[in-house]
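Engineer: The structure is given below, and queries will be raised subsequently.
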Amino acid sequence: AESSGAGSSIVAGLMVTNEFNVFENSTMWWIQSVYTMPEHRRRGLFSDLYAFVKKRAEADPAVLGLRLYVEHENENAQRSYVRLGMRVDPYVVAKEMKGTI
């Protein structure tokens, strides 16, 4: 999303990646790197970006659905995602980072 007017700049964005889901035998689109500059939050920018992605996912018969990660502490984001029709699943993310192996 861009601000309008002279000297416009990007103020919000996200990235979509594909994952083949072997359990569902279909493709999931992962929404990643969601960010809105703090001074532009609570203006519906993510809702607009999400609607754009969702419309394209619904038009593609190979796409089963959309997913994203959200931090447990980020309750504002979780509420926003639920308002848009997503549900919060009980999955836990496990990881191991280089340097700690």
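The values are calculated or read from the model by the stated rules, or taken from the named source; none is laboratory data. These numbers were taken from a predicted model, which means no experiment stands behind them. Ideal geometry is used to build each Cβ from the backbone, glycine not excepted, and the neighbour counts take in all protein chains shown. These accessible areas exclude ligands, DNA and RNA; they are computed on the full protein's heavy atoms, side chains included. Shrake-Rupley method; radii C 1.70, N 1.55, O 1.52, S 1.80 Å.
Engineer: Can you tell me what share of the DSSP beta bridges in the chain is antiparallel? A percent to the nearest 5 is fine.
Structural biologist: Of those bridges, close to 65 percent are antiparallel.
Engineer: While we're on this one: Below 8 Å, C-alpha to C-alpha, sequence gap of six or more: please give me the relative contact order for the chain in percent.
Structural biologist: RCO, the chain: 21 percent.
Engineer: Moving to a separate point now. For the residue pair Ile10 and Asn25, what label-to-label distance in nm results when each label sits 7 Å from Cα along the Cα-to-beta-carbon direction?
Structural biologist: 3.8 nm
Engineer: Might you work out the accessible area of Ile10 for me, using a 1.4 Å probe with all protein chains in place, and round it to the nearest 10 Å²?
Structural biologist: 120 Å²
Engineer: How far is helix 45-59 tilted off the main Cα axis of the chain, in degrees rounded to 10, range 0 to 90?
Structural biologist: Relative to the chain, helix 45-59 is tipped by roughly 50 degrees.
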